[in-house]
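Asks: Below: one structure in structure tokens.
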Amino acid sequence: MRPFPFWLVVVISFGLSTALAPTARAHTGTQVGARGGVQLLDDDVLRDQYAASFGGEVRLSFALSPLIVALSFDNYFVTDRTLFQVGASALYDLPIRHAFLYPYVGAGLGLTRFALPETGAGVSPEEPGGSEPESPATPATDSNGMRTGLNLVGGLRFDHLEVSLVRPFAQITLSVGPIDMLTVTAGVLFELEGR
Amino acid sequence: MRAAFFAAMGVICIAAPANAELVLWPHLDARLAGDVEPTRGGAGVAVGYFLPAWRGVLVGLELDTTWNGHFFRDEDVAFLVPEGVDLNTDALVLMGNLVVPVSIPSAPIWRPYAILGLGMTRAFFTVPGTEKYDSAQDSLTFSTGVGMMHQLTRLLGLRADVRYQHAFVDEQRSGGYPKDYGFWNVSVGVMFQLPLGRWPDRWSSKPP
């Protein structure tokens, strides 16, 4: 039996903290926006350090809940490789808000799709153009696929009454799992409906 | 077929006791740790029927089916095929679950719950391009865990749980995974509930 992953403790702590905290209501509505970022971790096979990302995000808030559901897509620009992530997270505004700055934390799932070039590292030897592994005992690795991981989010949202339609934000996302990533992201959300 | 389904759902809703809830829960799964391939995912759906049992406690019965891709670690089942043959493993998990949610006084939109399940795991072994090595393995499966439901609207909610699942393998039969296996699994999804309404604080005598 492999050890129980430590980050599950983080998720459970997040759930408990939001459950026990005062149930402030989020605004009801839908926000859509674009975002860009930089991935900070290094990995020779899958991605480059400081790889740029660009994508979109939808944030949904609900009448009964203080949680905001964020659905996101991020494409990472890595030479000769495909790497993108579809994510769904629950965000929670921390009860330490400034007049127009709202810090938040969140957790969710990220589905990361990757594809390596066929002649690159990790290609199975039976695939056309694949390189032989270093030794017969070296297991072949998938050259493409989709992996599920956990996303932990911390960020800051600008939300001023006089500029209510535009909400810039900046956040850090730590993706934990088979594909680890640490991405600093900034973006702008536009209020579609509600308040 | 579709009409029959909606007719059945209608009958269930109409015939249900006033406080009963019909719940549909499509979910994504990730295996965290254990004897199977970790960090791979799956998807499933559960249909449940919840009744208030005692004060703030509800009791629910649900049927849950989950498809898991790339189920076993390659090195653990490599002996089933000759060297160099790429064996794929998937699994269909069918569970009957007893779910016990508890409403939180003053915060009824949160419902922690415990879950206990009994069912079957059917593991599939396939090799692309040939049926020569295809086989399946059925194993009695037990699961237990805890989770949280969170109401977003009168129809929608979020639900997530962490479960330990243990499959009992018939070690006398050859083929398939050679011994009992267990793993931790997290499931996250959106929950639909009928009839529409805000979850009542079942500890209170006040109407919702």
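Asks: Per residue, how big is the convex hull of the stretch B:151-194 when only Cα atoms are used? Give it in Å³.
Replies: 95 Å³
Asks: May I have the convex hull volume per residue, in Å³, for the Cα set of the stretch B:29-194?
Replies: 113 Å³
Asks: Tabulate in residue order the Karplus-calculated ³J(HN,Hα) for the stretch B:156-161, using 6.51 cos²θ - 1.76 cosθ + 1.60 with θ = phi - 60°, rounded to whole Hz; enter x for Gly and Pro.
Replies: Result, rounded to whole Hz: 10, x, 9, 9, 9, 8.
Asks: I would also like to ask the following. For chain B, what does -39500 (n - 2.57) per DSSP helix run (n ≥ 4), summed and divided by total residues, give at 222 nm, in deg cm²/dmol to the nearest 500?
Replies: Working: 2 runs with 18 residues, N = 208.
Helix-only estimate at 222 nm: -2500 deg cm²/dmol.
Asks: Give me, ordered by chain and number, the residues 5 or more places off residue A:91 or on other chains with an amide H under 5 Å from its own placed amide H.
Replies: Those lying under 5 Å, H to H, from residue A:91 are A:68, A:69, A:70.
Asks: Same structure again: Residue B:70's amide H: which non-local residues (gap 5+, or another chain) put their own amide H closer than 5 Å, with H modeled 1.01 Å from N in plane and none for Pro or chain starts?
Replies: B:89
Asks: Which ³J(HN,Hα) values in Hz, rounded to whole numbers, follow from the phi angles of the stretch A:75-82 under the Karplus curve 6.51 cos²θ - 1.76 cosθ + 1.60, where θ = phi - 60° and Gly and Pro get x?
Replies: 9, 9, 8, 10, 4, 6, 10, 10
Asks: In peptide A:60-68, what is the residue-averaged number of other protein chain Cβ atoms found within 10 Å of each Cβ?
Replies: On the way: counts 3, 1, 9, 5, 11, 9, 2, 4, 1.
Shielding by partners across A:60-68 averages 5.
Asks: Sticking with this structure for a sec: Going toward the positive end of the dipole of the stretch B:33-90, with +1 on Lys and Arg Cβ and -1 on Asp and Glu Cβ, which of B:80, B:67, B:36 do you reach last?
Replies: Ranked along the dipole, the leading option is B:67.
Asks: A further question on this structure: When you look at the Cβ of every residue in B:153-161, what mean number of other chain Cβ atoms sits within 10 Å?
Replies: Mean shielding count: 3.
Asks: Note down the magnitude of the dipole of the stretch B:29-194 about its Cα centre, charges +1 on Lys and Arg C-beta and -1 on Asp and Glu C-beta and zero elsewhere, to the nearest 20 debye.
Replies: 980 debye
Asks: Please give me the summed charge of the neighbours of residue A:91: other residues whose Cβ is under 12 Å from its Cβ, Lys and Arg +1, Asp and Glu -1. Walk me through the intermediate numbers first.
Replies: Working: positive: A:59, A:157; negative: A:57, A:93.
With Lys, Arg at +1 and Asp, Glu at -1, the net is 0.
Asks: Same structure again: Give me a single rounded figure for B:32-41: the average over its residues of other chain Cβ atoms within 10 Å of their Cβ.
Replies: 5
None of the figures in this text is laboratory data; all of them are computed from the coordinates on show. Quick caveat: nothing in here was measured; it's all calculated off a predicted structure. Neighbour counts run over all protein chains shown; Cβ positions are idealised from the backbone, glycine included.
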